[in-house]
Every structure is written in structure tokens, then in C-alpha cells.
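Below: the structure, in C-alpha cells.
The values are calculated or read from the model by the stated rules, or taken from the named source; none is laboratory data. Bear in mind the structure is a predicted one, so any value in this text is a computation, not a measurement. Neighbour counts are summed over all protein chains in view; Cβ atoms, including those assigned to glycine, are modelled from backbone coordinates with ideal geometry.
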Amino acid sequence: MARTTPPELLQGTLDMMILKTLSAGPNHGYGVMRRIRQVTDEVLQVEEGSLYPALHRLEKRGFVRSEWRRSESNRRAKYYRLTPKGRSQLRTETARWADLSAAIGKVMDAATQVVTPIPHGEV
Amino acid sequence: MSLADLLNQLMPHPDLRTPDQIARDVDDEFEFHLASLESELAAAGAAPEQARQAAVKRFGDADKYRRQCERIAMEDRIMLQRINAVLMVIVLLAVIGVSVQMYLTQRNNSQALADITTQLASMKSETDGRLAEMIQAMSAPDAGEGPAVVYVDGHVVRPGVYGLPKNGSLSLARMLRAAGGLTTSPAHVMVRRSIDGKLSPVFDRTVSDLSEIVEGDVKLERDDVVRVNTPREPGPSDKIRIRKPESPPAEDG
């Protein structure tokens, strides 16, 4: 299957991936982005800067909290960690995502059947 | 979930950083990301200059993301400012309301105070007046012996004893008119008064009409005796010299 452009990120899926990544432990924005890249085998091509408005919005909604700390490379870095509220939000979104992908999967499976030839006499 | 976590979740967390601090934090965060990405790319074998360029490219439109982050951070501030402004207006209105209330109360109070003061003053003067009257009545028993009267006798329509008005004065002409007027003309009119224990005439003239008395009229006093005779009848005054206190003696220039 030839792919000319990298897949677009669905609305809201970046938030969900951030929460999921932070559920493994506190991390800074760069760490979150690197982890997403590694897990997805660099399939998703998003501008890395777009992570920050999403992170800041999650913090405003109380799903994550941040603090400035020294990184492994002894640089000043902003670390984010999941709050209990963020953890329950992640559960909700995970369940929703499962439902959504299952529904989409069914549609896609059905679509493959549609292209099979319809026998004569049946419409 | 611990109690601290619960409280943390319930409490609002307004962003109290200044716009400068917010901008600096966003810059620092982006710079850390770019530097980390650059080292990662350099470690993977990119030349330093290319590593930086590649990092910037992969980061995307930093200005756009910076503006978005700043706007998200400022939402709280703007909200706080609006709440502040509303609170200020409410406080201002309350202060104005209380001030007006205080001013009105004070004005009413001072008005009431002025009224009470006026009432008290009038009550005091009334009481003073009555007291003075009572004191006068008690301290001047001789003056209070019977009403002040004058005696009118002779050729008048209604001779008799007449009371003097308490306030003001009574002239001879008025007295005679009150007694009904003269019954003879010309008439000899004489007023005698007790001066130093002796009856002395203070008016003694023959007139044809009451209007003639107007000139040189006398003011009657307590216990004066007014006698109207015909000119022929000899009065007690014939024995004494005529005295006219009102007309000064003529002086030669």
C-alpha cells in the first residue's frame, strides 16, 4: 500500500496520547514527543511544537500539573505529571477510543465487502 | 485519592504569572525542546548546523505555538481581570450607597437637632416670660393692688371709673371719647394726679370741643382724676396756677 502523505492526527487524539504517555510517569514535553515517536515508529508526522498548546490546555483543565526541574542533561525543563483527574479522563477517552475504532473498523470491514460483485437479480 | 489531592482538584489554580513571565517560560520550554532535539539529531550523525535547522523544521511554526500558549495562559488573567473589574464596580457602588445613606442620615439628624433646639429655645423663652411675670407679680405687691384705673367725673355722657389698658397708653382725649364725650360746651377739663402725695393738675384748660385737646393732650396714669366742669363752676384748679408740662415756656430770642 503506497502512502504519499503521513496520516493526519484526528482531533483530540494528541491529547489522549499525551495523557497515555504521562501515565507512565512525569516527563517534559520533549520526552513526551520522543516517546510518541518511538511507540508509533515515527509513522505520525506532527509538528513537534503543536504538543505545547495541547499540554498547556490539558494543564488548564486540571488533567496534568507542571513544575520546573533539572533535566538529565542538567537543563531547566518543565515536567508534567498526570493528576487523578487526568487519570480518570484517560480512562474515559481510552474507552471512547476503543468504541470509535471498533465502529470504524466495522465500517471498513463492511466496505471491503461492498466492492465484491453483487450477484445479478439482487439489489 | 488523598485529601490533599481532592482539595487540589477542587481548588482553582489561577495563573498569576505576569505576561513577561509567561512569555519567558514558553521560550524556555521551546528552547529546551529544540536543544534536546538538536542533540538527538547530532548524536544520530547530523552536522551541527544541519542538526539545528532540522530541529527547527521539525518543531514547526514556533511563533504560532508561542502565541497559542500565551493565549491559553492569559485566559485566567483576563477572567481574573473581568472578575476584578466587576468586584470593583460592586464595591464602588456599595461605597457610594453607604455614603449617600450616611449623608442623608446626617442631614436628617442635623435637621431634627435644629428643630429640637428651636423648640427648646421657644419653650425656654415662654417659661422665662411666665417666670418673669410670676416674679414681678410676687416682688411688686404694691403695684398689684387692684387694677389701674382713672376716675372720670362731671359733664360727660358716662362718668365712672375706667380701667387703664395693661399695655400701651390712654390719652385724655381718648378717655373722654370713651366716656361718651362732653355734655357741655365749652367745658373746663382738668386732670389731677397724685405727685409726691399731693393731687396736682397736669391738664387744666377750657375747650369747646374734644378735638382741641389733641394739642397738649396728656397720657393718663394710674389713679388720675378727670373732671369736666362748665366754665362757670369753680373747680379746685382755680386755686392753683395752671400748669402745662407739654408746652415749653416761650423764650425770647
(message) I'm told residue A:23 meets every condition in (1) surrounded by 14 or more Cβ atoms within 10 Å (Cβ to Cβ); (2) of a type in the set (Ser, Thr, Tyr); (3) without any contact (Cβ under 8 Å) to a residue 24 or more places away in the chain; (4) away from chain B (no Cβ under 13 Å) except one. Can you identify the failing condition by its number?
(response) (3)
(message) What pairs come out if I take residues in the range B:1-20 that are more than 9 Å from chain A (Cβ to nearest Cβ) and pair them with residues that are at pLDDT below 65 and part of a helix (DSSP H, G or I) whose C-beta lies under 8 Å away, six or more apart or interchain?
(response) none
(request) Would you tally the residues in the range B:187-208 being exposed (fewer than 13 other Cβ atoms within 10 Å of the Cβ) and modelled with pLDDT under 85? (result) 4
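If you go through the range B:162-172 one residue at a time, how many are aliphatic (A, V, I, L, M) and closer than 11 Å to residue B:226 by Cβ? Before the answer, list the steps.
Of the residues in the range B:162-172, the ones aliphatic (A, V, I, L, M) are B:164, B:170, B:172.
Keeping just the survivors that are closer than 11 Å to residue B:226 by Cβ gives B:170, B:172.
So the count comes out to 2.
Using the structure shown, decide if residue A:54 is at the interface with chain B (Cβ under 10 Å from one of its Cβ atoms) and either part of a strand (DSSP E or B) or touching a Gly at 6+ places or on another chain (Cβ under 7 Å) (or both). Steps first, answer last, please.
Values: at the interface with chain B (Cβ under 10 Å from one of its Cβ atoms): yes; either part of a strand (DSSP E or B) or touching a Gly at 6+ places or on another chain (Cβ under 7 Å) (or both): no.
No: the conditions fail for residue A:54.
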(request) Mind counting the residues in the range B:25-48 that are under 17 Å from residue A:49 (Cβ atoms) and either of a type in the set (Asp, Glu) or more than 8 Å from chain A (Cβ to nearest Cβ) (or both)? (result) 9
(request) Output the residue which, of all residues in the range A:66-77 that are more than 9 Å from every other protein chain (Cβ to nearest Cβ) and farther than 20 Å from residue B:17 by Cβ, is modelled with the highest pLDDT. (result) A:70
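Answer with yes or no whether residue B:104 is under 30 Å from residue A:82 (Cα atoms) and aliphatic (A, V, I, L, M).
Working: under 30 Å from residue A:82 (Cα atoms): no; aliphatic (A, V, I, L, M): yes.
For residue B:104, the condition - under 30 Å from residue A:82 (Cα atoms) and aliphatic (A, V, I, L, M) - is not met.
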(request) Determine, yes or no, whether residue A:80 is within 11 Å of chain B (Cβ to nearest Cβ), in contact (Cβ under 8 Å) with a residue 40 or more places away in the chain and assigned to a strand (DSSP E or B). (result) yes
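Yes/no matrix, rows are residues, columns are (1) hydrophobic (A, V, I, L, M, F, W, C); (2) more than 12 Å from chain A (Cβ to nearest Cβ); (3) over 30 Å from residue A:58 (Cβ atoms):
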site	(1), (2), (3)
B:59	yes, no, no
B:109	no, yes, yes
B:124	no, yes, yes
B:135	yes, yes, yes
(request) Please work out which one of (1) assigned to a helix (DSSP H, G or I); (2) over 23 Å from the mean Cα position of the chain (by Cα); (3) modelled with pLDDT under 95 is the condition residue B:146 fails and give its number. (result) (1)
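In the range B:131-139, is there at least one residue being of a type outside the set (A, V, I, L, M, F, W, C), assigned to a helix (DSSP H, G or I) and modelled with pLDDT of 85 or more? I'd like the intermediate steps shown before the answer.
Step one: list which residues in the range B:131-139 are of a type outside the set (A, V, I, L, M, F, W, C), which gives B:133, B:136, B:139.
Now restrict to residues that are assigned to a helix (DSSP H, G or I): B:133, B:136, B:139.
Checking which are modelled with pLDDT of 85 or more leaves us with B:133.
Looking for residues that are of a type outside the set (A, V, I, L, M, F, W, C), assigned to a helix (DSSP H, G or I) and modelled with pLDDT of 85 or more, one finds at least one in the range B:131-139, hence yes.
How many residues are part of a loop (DSSP other than H, G, I, E, B) and under 14 Å from residue B:183 (Cα atoms) when one looks only at the range B:201-233?
Filtering the range B:201-233 down to residues part of a loop (DSSP other than H, G, I, E, B) leaves B:208-209, B:215-218, B:220-224, B:230-233.
Next, only the ones that are under 14 Å from residue B:183 (Cα atoms) stay: B:208-209, B:230-231.
Residues that pass the stated criteria total 4.
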(message) Suppose the filter is out of contact with any helix residue (DSSP H, G or I) (no Cβ under 9 Å at 6 or more places or on another chain), part of a helix (DSSP H, G or I) and of a type in the set (Phe, Trp, Tyr); does residue B:103 pass it?
(response) yes
(request) List the number of the failed condition for residue B:46; all other conditions in (1) touching a helix residue (DSSP H, G or I) at 6+ places or on another chain (Cβ under 9 Å); (2) surrounded by 14 or more Cβ atoms within 10 Å (Cβ to Cβ); (3) assigned to a helix (DSSP H, G or I) hold. (result) (3)
(request) Determine which single condition residue B:52 fails, assuming it passes every other condition in (1) facing chain A (nearest Cβ under 8 Å); (2) modelled with pLDDT of 90 or more; (3) farther than 17 Å from residue A:78 by Cα. (result) (1)
